[in-house]
Amino acid sequence: MLKISLRILLVLFIALVSFSFYLSPRLGVLIPLGKETRDQTMYHLAFDTLSTNQFDIKYVDHSADSFYTVLRNKYQLDTLTKDAETDFDKILAVQSWVQGRWEHDCCNTPEHNNALYILEQAEKGERFRCVEYSTVARQCLASLGFKVRGLGLMTKDISEIQSGGGHVVNEVYIADLKKWMYFDPQFGVIPIVNGEPLNAIELQYRIKNKLDFDLINPNKTTTKEDYIKWIGPYLYYFTVNLNQGGIGIWDRVVGNKKSLTLYSKDAIQPAYFQKIFRLNTSYYTHSLKDFYPEL
């Protein structure tokens, strides 16, 4: 009986270890597995234009919620944007303000992922990642009533790369233009053409085809040429949350679909994010209308 019990425990242990490696070949970041240099190629991307009507991305106005009210009042965001004549000017003001709160750090993860905590820690000298720039800018704009979302970008070789394969920016909906606008709060940049802002796909298309555009960058954190070279490879996979909620460990274990990824018709669905965790919590679409709903 004891031998049978030990065998069962051994089988369960082997199954647990196998499943752990299935979910995370690197067991988090414990194993230095994967290539060290990301693919720098800019690829032609092809998408469908018809909507499949399969996804319901919710953009709820949270500006009256207590957290957002405290955030707006504590950092006087209404005052920050009071002289802005357009929504575009408000977004630019908030992004520039957020970009200047701290210096970028590629590895420091905050204990709590919300703007109030991150800004408080930044005031104490802490530095944070692109993820936190995105979070703070998104929540600050949401407190002002904007419909804004975090946008995860990934290189084509995201499943093979060990690090440096992902970046996080934001997109915000401009009601009078009826379109989504890309902005990168880590650098404080907004791409535009003839005064009209671009979304992420439009930006990728113009970079790939060497078409001109302007890059608004009030804080002068980078040059247009340097930003194009840096951001270009990340513009391959595009991911947003369906309900603007987080993705936890249990979601990854059972594969709960909590996000939507736009990918080119000739691309494959990526298996892993830098071999750290399995990318099994997203629906996938080739449709621009699925990914860019008119609100």
- Task: Sticking with the crude label model, points 7 Å out along Cα→Cβ, report the distance from residue 229 to residue 27 in nm, one decimal please.
- Result: 3.9 nm
- Taking residue 147 as the anchor, which aspartates and glutamates have their alpha carbon closer than 17 Å to its alpha carbon, excluding any fewer than eight residues away along the same chain? 56, 61, 65, 78, 87, 89, 171, 176, 184, 290, 294
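Based on DSSP H runs of at least 4 residues, each adding -39500 (n - 2.57), what is the mean residue ellipticity at 222 nm of the chain after dividing by all its residues, to the nearest 500 deg cm²/dmol? Don't skip to the end; give the middle numbers.
On the way: 10 runs with 98 residues, N = 295.
So the helix-based figure for the chain works out to -9500 deg cm²/dmol.
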- Query: At a 1.4 Å probe, what is the % contribution of carbon and sulfur to the accessible area of the chain?
  - Reply: 54 percent
- Roughly how many whole Å is it from the C-alpha centroid of segment 118-137 to that of segment 167-219? 22 Å
- Message: With loop defined by DSSP as not H, G, I, E or B, and exposure as at most 15 other Cβ atoms within 10 Å, which is the longest segment of the chain clear of exposed trypsin sites (Lys or Arg not before Pro)?
- Response: 1-57
- Under a cut-off of 18 Å between alpha-carbon atoms, report the aspartates and glutamates in cross-link reach of residue 35, not counting same-chain residues fewer than 8 places apart. 157, 160
- From the cross-link list 156/208; 156/275; 178/289; 224/265; 257/289, which pairs have alpha carbons spaced over 24 Å apart? 224/265
- Note down the nm distance, to one decimal, between modelled labels 7 Å out along Cα→Cβ at residue 82 and at residue 35. 5.4 nm
- Message: Mean-square fluctuation check for the chain, GNM, Cα pairs under 10 Å: which of 167, 44, 112 is largest?
- Response: 112
- Could you state the accessible area per residue of segment 120-257 in Å², with a 1.4 Å probe and every protein chain left in place? 40 Å²
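May I ask you to rank 235, 215 by accessible area, largest first, using a 1.4 Å probe over the protein chains only? Before the final figure, lay out each step's value.
Working: 235 5, 215 35 Å².
Per-residue accessible area, sorted high to low, gives 215, 235.
Suppose R0 equals 41 Å. What FRET efficiency, 1/(1 + (r/R0)^6) with r the Cβ-Cβ distance, do residue 44 and residue 12 give to the nearest 0.05?
0.30
The values are calculated or read from the model by the stated rules, or taken from the named source; none is laboratory data. Remember, it's a predicted structure, so these values are computed and weren't measured experimentally. Quick reminder, even Gly has a Cβ in these numbers, built from the backbone with ideal geometry, and neighbours come from all protein chains shown. Note: areas computed on protein heavy atoms with side chains; ligands, DNA, RNA excluded. Shrake-Rupley method; radii C 1.70, N 1.55, O 1.52, S 1.80 Å.
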